[in-house]
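What follows is a set of notes on a single structure, which appears directly below.
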Amino acid sequence: MLCLFVPIGVFVGQDVVVAKKIGYNRIQGRVRSERMPVKIRKLKGVLSRAGFYARTAKGSHTVWRHPNFPVLRVTLSGKDGDDAQQYQINDVRDALRKVGQTYEP
C-alpha cells in the first residue's frame with residue numbers, strides 16, 4: 001500500500017514534523033481518523049435493533065427504554081440528521097453495555 005506524506009511544517013530546534021497523509025493526520029506519532037460525525041439517526045437505529053422502544057417527549061426529544069430493563073432509559077435530543085454529541089454516544093454505549101451488547105461508532 002502506497003502512503004503519500006506531504007510535509008506541511010517543520011519546526012526548527014524540535015524533532016516534531018507535521019505531515020498530512022491523505023485521510024489521516026499524523027502529529028507527533030499519533031494518528032487520528034478523519035471520519036464523518038455520527039448522526040442521531042444512526043443512534044436511534046442502533047437502539048431500535050437492540051430492542052429499545054421510543055416514546056416521544058417534548059420538542060425533538062425521544063426517550064428510549066428497553067422492555068427487559070424498565071429502569072434503563074436513554075434520552076436523545078435532536079433531529080435525525082443532526083450530529084450526535086459525544087455525551088449522547090456515551091449514553092447509548094453505556095445503555096447497550098447494560099443490556100449485553102456493544103457499540104463502536
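Derivation of every value follows stated rules applied to the coordinates shown; laboratory data play no part. This one's a predicted model, so the numbers in the text were calculated from it and none came from an experiment. Heads up, the Cβs are rebuilt from the backbone with ideal geometry, glycines too, and the neighbour counts pull from every protein chain shown.
Quick check for region 40-98: number of Lys pairs with alpha-carbon distance under 18 Å, counting only pairs 8 or more apart or on different chains?
Numbers: Lys42/Lys79; Lys44/Lys58; Lys44/Lys79; Lys44/Lys98; Lys58/Lys79.
Value for region 40-98: 5.
If the chain linking Asp83 and Val63 were pulled fully straight, counting 0.36 nm for each residue of separation and taking away their Cα-Cα distance, it would gain 5.4 nm. At a Förster distance of 22 Å, what's the computed FRET efficiency of Ser48 paired with Asp94, Cβ-Cβ distance as r, to 0.05? Using R0 = 22 Å, I get an efficiency of 0.80. Classify region 41-85 from the C-alpha gyration tensor, please: rounded if a/c falls under 1.5, else prolate or oblate depending on whether a/b exceeds b/c. Oblate, since a/c reaches 1.5 and b/c is not below a/b.
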